[in-house]
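So the structure is just underneath, and the comments pick up after that.
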Amino acid sequence: MKSTMKFFTYGLIIFSLVINSCAKDGEVGPMGPAGTAGIDGTNAEDGNANVQAFDIYVNKEAWSENLHFGGNNEYRKYTIPADSVGGVELNFFYGAGNVILTYAKPSYASGADYGTQINIKPLPYTSLVSGVSGSFGLLIDYAAQYGSFTLAKTVNGYEPDRITEAEIPDTIEFRIVLIEASNTTSSKSIRPDILNELKSAEVDINDYYAVCDYYGICKN
């Protein structure tokens, strides 16, 4: 009987020790290895990827001869190469309903009869050019359906007339802004939508720098 009681007592002691050891929190183990760094996210796509600006410099020698286009109207033209505007065929681009904004900054060589540089303006560009031998109205325009610039003197304020070699600016810096809508399926509504957006944002499309600031594409 005593042996049985001893065995029973020892059993209770062992059982109590097991229970107490399980109830206590174990010691904190060593820190595991640090996890690997996450992969960097890709940069967001440019929100104005569908707006591009190009500079084109046209020297005096690049203009065609004076051409007639009805009545007594005459002009010279310069057809814009597609590779100077990122490979875009401008007549098709315009025909699809997108927007082409054009600006010009003509300049005469230093010491020329007609002064030096005239400020950048939107096309159609008209300005009075004065020199020692007289003055005349300069007309620079853009023929969207042909993808070409035109150059002439003006009669009665706008009618184009023959311009002589001496009267052609030595260099004309053209700036072209191509605005393509990517969220419209009807070509008839693209151009008004783009122009209305600019108007709503109070952007003066006659101001090259205002347009560039709006789209974040200004160069200088």
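Note on residue 213 and residue 158: the model spin-label points, each 7 Å out from Cα along the C-beta direction, lie 2.9 nm apart.
Sequentially through segment 193-202, phi angles give Karplus couplings (6.51, -1.76, 1.60; θ = phi - 60°) of 4, 5, 5, 5, 4, 5, 5, 5, 7, 6 Hz, Gly and Pro residues having no value and appearing as x.
Label separation (residue 55 vs residue 195): 2.9 nm, computed from points 7 Å beyond Cα along the C-beta direction.
Estimated at 0.36 nm per residue, the fully extended path between residue 107 and residue 133 surpasses their Cα-Cα distance by 7.6 nm.
If Lys and Arg each add +1 and Asp and Glu each add -1, what is the summed charge of the other residues whose beta carbon sits under 13 Å from the beta carbon of residue 198? Write down the numbers at each step before the final one.
Values: positive: 191, 199; negative: 193, 197, 202, 204, 207, 213.
Surrounding charge for residue 198 is -4.
Run the numbers for residue 79 and residue 64: contour at 0.36 nm per residue of separation, minus the present Cα-Cα distance, in nm. Write out the running numbers ahead of the final one.
Values: separation 15, 0.36 × 15 = 5.40 nm, distance 0.92 nm.
In short, 4.5 nm is gained.
Taking θ as phi - 60° and the Karplus parameters 6.51, -1.76 and 1.60, the scalar couplings of segment 150-156 work out to 10, 9, 6, 8, 10, 10, 6 Hz in sequence order, x denoting glycine and proline.
Computed over segment 57-215, the P(r) curve from all C-alpha pair distances, binned at 10 Å from the origin, holds 10, 36, 34, 17, 3, 0 percent per bin.
Values in this text are rule-based calculations from the coordinates and carry no lab data. These figures come from a predicted structure and were not determined experimentally. Quick reminder, even Gly has a Cβ in these numbers, built from the backbone with ideal geometry, and neighbours come from all protein chains shown.
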